[in-house]
Amino acid sequence: MNVNYRTDETHAHQTIDVSIHSHKSHVFKLLGTTEGIKQWFPELSFEEERAGSQLIFDLGNNEYEYAKITDYHPNDHIGYDWDQGHVDFSLEENGDTVTLTFKESLPFTFETIANDFTGWYFQIQSVKKLAETGQPLSKDAFDFKSKTDEIGQTLNLN
C-alpha cells in the first residue's frame, strides 16, 4: 500500500494506492453497490447506483447525511462529495491484481481532517481484506488513535 498526504493553500489531500488480489468487477461491486458497500461500511447505501444520485449515510436515530454521486462508471470509477470534501475511487486491472486508487480532499475548514483520513485509511484496508478473504478488517485490530496522530503530524494539523 502506498499512501501520500499533501496540502495546498486551501485543502488537505490523501491518496492511497493498494494492490488487491481480485478482479475489477468484484472490487467494484464492493465499492459501487449497496450490497457490497454494506459489507465494509454498514452505515452506507446507494439511493441509486448512478451519477447524480446519492449515497446515504445512516447516522442512527433516523438521522441521515447525503453525499452526491458525481461519477459512476461501472468497474472503473466512483466519485462523490463527502461532507465538505470529495472522495474518489478508481480501479485498474494488472493481471491477477487490481490497483485501487483512493483520493480524498478536504478543506482546512473541516475540523477533523486527520480523523476522516484515518477512517478512510482503515476502510480501504478493509475493502482489500474483504475482496481477498471475504471478511472485512476488524475495527478492534486497528489503532485509530496512533494513525490519527501520525496523519495530524504529517499534515502539520496539530
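The values are calculated or read from the model by the stated rules, or taken from the named source; none is laboratory data. In this text, all values refer to a predicted model and were calculated from it rather than measured experimentally. Note that we place each Cβ from the backbone using ideal geometry, even for glycine, and neighbour counts take in every protein chain shown.
Key figures for this structure:
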| item | result |
| --- | --- |
| Top-ranked residue of region 115-150 - restricted to ones that are at pLDDT below 95, more than 24 Å from H26 (Cα to Cα) and of a type outside the set (D, E, K, R), ranked as surrounded by the most Cβ atoms within 10 Å (Cβ to Cβ) | F142 |
| Pair list, Cβ < 7 Å and 6+ apart or interchain, from region 25-44 residues that are more than 12 Å from S126 (Cβ to Cβ) to residues that are acidic (D, E) | G32/E49; T33/E49; E43/D58 |
| Condition check for F28: within 23 Å of L137 (Cα to Cα) and out of contact with any Leu (no Cβ under 8 Å at 6 or more places or on another chain) | no |
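This table checks each residue for (1) surrounded by 16 or more Cβ atoms within 10 Å (Cβ to Cβ); (2) β-branched (V, I, T); (3) under 30 Å from K145 (Cα atoms).
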{"site": "E43", "(1), (2), (3)": "no, no, yes"}
{"site": "Q54", "(1), (2), (3)": "yes, no, no"}
{"site": "E65", "(1), (2), (3)": "no, no, yes"}
{"site": "V98", "(1), (2), (3)": "yes, yes, yes"}
